Amino acid sequence: MLDKRNIFISNATSDELRPLIQKLRTQNNKLILTDSDHVALDQLMSECQEDEQSDCIEFIQDIKKEIDWNYILEEIPSEYKPLDVVVNHYPIDLTNLDLDHLTYHEYEERMTHLIWSTLLCLRTSKSTLTKDGRMIQYIDLINSESSPILMSFIIGALVGSIDGMQSYLEENQHISFIFNVEPVEQFNHLKAKHYASFEEAISEIDNVEVGFIY
């Protein structure tokens, strides 16, 4: 259970994150909510302010821009530091893509932005992470309802990113990556082919664990 933690959540207004945010608000956590849609973010903050148990602040952010990451992490009030959990959510839709006619733009829009936002998240948030040895959780929500081929690309790219950024961690910093793998039926079908090898690859990287939401 996450409670009494400082939690950073990007793209907080997405439908996928609403249930998670609602739950975290009731567990004495301090939430830093960001999104590029200021109207939707203001609406979310209004909902939070109606709940006397919630403690939230908001920032406008494009998670593909390093200047946004740096600015926000510098401006977070001291009472919201250090960060204990980072939920880096890049909404990625891989459903119904025709691989025979997949364009470079379609690939770049989904794959490159996903990996790039993960890298930015890791390297810019390092200085604000807790140093007391608690597990830092980077949560990437990826819908597994997609082509197994594209899932292979995602998994391979993320393993490489995590392995490369591991050197940024100090000895007493531990991180876990948690992946949303809905729907369950699709996850069960893909696990033997892809996720098993993903877990094995992650297990060889120091200070890193992986988990799944399903």
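The values are calculated or read from the model by the stated rules, or taken from the named source; none is laboratory data. Just so it is clear, the model here is predicted, and its values are computed rather than measured. Cβ atoms come from the backbone with ideal geometry, glycine included; neighbour counts cover every protein chain shown. Protein only, heavy atoms only, side chains kept; ligands, DNA and RNA dropped before computing areas. Shrake-Rupley method; radii C 1.70, N 1.55, O 1.52, S 1.80 Å.
Data table
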{"read-out": "Residue tally, condition within 18 Å of residue 71 (Cα to Cα) and either in contact with a His (Cβ under 8 Å, 6 or more places away or on another chain) or open to solvent by 70 Å² or more (accessible area, probe 1.4 Å) (or both), over the range 13-36", "value": "1"}
{"read-out": "Residue in the range 67-95 that is farthest from residue 7 (Cα to Cα), counting only those that are of a type in the set (D, E, K, R) and either in contact with an Asp or Glu (Cβ under 9 Å, 6 or more places away or on another chain) or exposed (fewer than 15 other Cβ atoms within 10 Å of the Cβ) (or both)", "value": "93"}
{"read-out": "Number of the condition not met by residue 130 [criteria: (1) at pLDDT below 75; (2) within 25 Å of residue 20 (Cα to Cα); (3) surrounded by fewer than 17 Cβ atoms within 10 Å (Cβ to Cβ)]", "value": "(3)"}
{"read-out": "Top-ranked residue in the range 47-66 [being within 15 Å of residue 30 (Cβ to Cβ) and at pLDDT below 90; ranked as least open to solvent (accessible area, probe 1.4 Å)]", "value": "48"}
{"read-out": "Conditions (1) open to solvent by 80 Å² or more (accessible area, probe 1.4 Å); (2) in contact (Cβ under 8 Å) with a residue 40 or more places away in the chain; (3) among the aliphatic types (A, V, I, L, M); number of the one not met by residue 114", "value": "(1)"}
